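Notes follow the structure.
The values are calculated or read from the model by the stated rules, or taken from the named source; none is laboratory data. This one's a predicted model, so the numbers in the text were calculated from it and none came from an experiment. Counting neighbours? That spans all protein chains shown, and the Cβs are built from the backbone with ideal geometry, glycine included.
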Amino acid sequence: MRHKVSKYFNLAEYEKEEKWLNEMSSIGMHLVDVNFTKYTFEDGLPGEYIYRLELLENMPRHPQSKAYIGFMEDMGVEYVASVFRWVYFRKRASAGPFDIYSDLSSKLRHIKRINLLASVVSYANAAAGVANLAIACKGYIEHRGYLGYNLFSGVLNIAIAFIILFILKPIRRKQKELQKESLVRE
Amino acid sequence: MDNIALTEAVFYILISLYKPLHGYGIMQNVFDLSRGRVDLAAGTLYGAISSLLEKGWIQALPFEEGSRKKEYKITGSGDNAVKAELNRLQELLNNGQSVIKGGAL
């Protein structure tokens, strides 16, 4: 039987999300599809699968991503679903432990990818915010006090930019820790 | 040859490829060689293979009839890199052991 569950995780909570999916698996609920905040589970044996999330460099349909997903499948890893560049993988727990990365440099590369994505979205919002506020100011001066939607949009854009930077704080901290660690060991 | 230290993953992948192997074969070989100590995760292995192909230290073999999985093999420059690394490791080992045996503590 299939069950649909709604749950929200932000960009910095992918490990929490992974943990939740593995807890669901441990009670016999296996993720089979994801649509933003809607998760579809299928009944199965408790603990049959281990789930892992990864942010790919490209969209899942990109040839490079397809080659990577094909390689994962050759390694006994099943592609379950994707949301934008995030992919959901699973592997049978009977095949042993399942991690996507096993050394510091590859873990660091993944964290950097997440931080870069967050920065780009945040800066794009900040830029759009400044542009909107400039238009609002121009409108105010030229049309005697008329502000319009640009003030509202501009404030919203800048708020989003700050919220993203704030949410990503633990991921930035983790990147710093890994970078420090990588000075000492591999 | 650049004077660089190879990562553990890269070193073990290179010495696995003196005979042709596909990804899963490399992972198993590294696991066996290191007696279970180095368990390469799939994403890490893929990243290392991509970088080694780019460097020209390994090459992908043409697909064999009926085989879906890509096989890889070490190249001449890959072989040079392994030899340079072995020299470097030997130096580390010699220096480390001579200090420890000398009773540095």
Single match in B:LEU45, B:LEU40, B:LEU61, B:LEU52 (criterion: crowded, with 16+ Cβ neighbours inside 10 Å, touching a residue at least 40 places away in the same chain (Cβ under 8 Å) and either within 19 Å of A:GLY70 (Cβ to Cβ) or not β-branched (Val, Ile, Thr) (or both)): B:LEU52
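Would you check if there is a residue in region A:100-118 being assigned to a loop (DSSP other than H, G, I, E, B) and more than 14 Å from chain B (Cβ to nearest Cβ)?
No, region A:100-118 contains no residue that is assigned to a loop (DSSP other than H, G, I, E, B) and more than 14 Å from chain B (Cβ to nearest Cβ).
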Search result, residues across region A:105-131 that are touching a Gly at 6+ places or on another chain (Cβ under 6 Å) and farther than 19 Å from A:LYS176 by Cβ: A:GLY129
Residue list for region A:60-87, filter: among the aliphatic types (A, V, I, L, M), within 13 Å of chain B (Cβ to nearest Cβ) and closer than 26 Å to A:SER26 by Cα: A:ILE69, A:MET72, A:MET75, A:VAL77, A:VAL87
Pairs with Cβ under 8 Å, 6+ apart, first in region A:6-20 and of a type in the set (Phe, Trp, Tyr), second buried (at least 16 other Cβ atoms within 10 Å of the Cβ) and part of a helix (DSSP H, G or I): A:PHE9/A:GLU17; A:PHE9/A:TRP20; A:TYR14/A:ILE114
A:TYR123 surrounded by fewer than 17 Cβ atoms within 10 Å (Cβ to Cβ) and at pLDDT 90 or above: yes
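Residue-by-condition table, conditions (1) within 14 Å of chain B (Cβ to nearest Cβ); (2) without any contact (Cβ under 8 Å) to a residue 24 or more places away in the chain; (3) polar (S, T, N, Q):
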| position | (1), (2), (3) |
| --- | --- |
| A:TYR49 | no, no, no |
| A:ASN58 | yes, no, yes |
| A:PHE89 | yes, no, no |
| A:VAL120 | no, yes, no |
| A:ASN132 | no, no, yes |
Members of region A:3-62 that are of a type in the set (D, E, K, R) and more than 13 Å from the chain's Cα centre (by Cα): A:LYS4, A:LYS7, A:LYS19, A:GLU23, A:ASP33, A:LYS38, A:GLU42, A:ASP43, A:GLU48, A:ARG61
Flag if A:LEU31 is outside any helix (DSSP H, G or I), within 14 Å of chain B (Cβ to nearest Cβ) and surrounded by 13 or more Cβ atoms within 10 Å (Cβ to Cβ): no
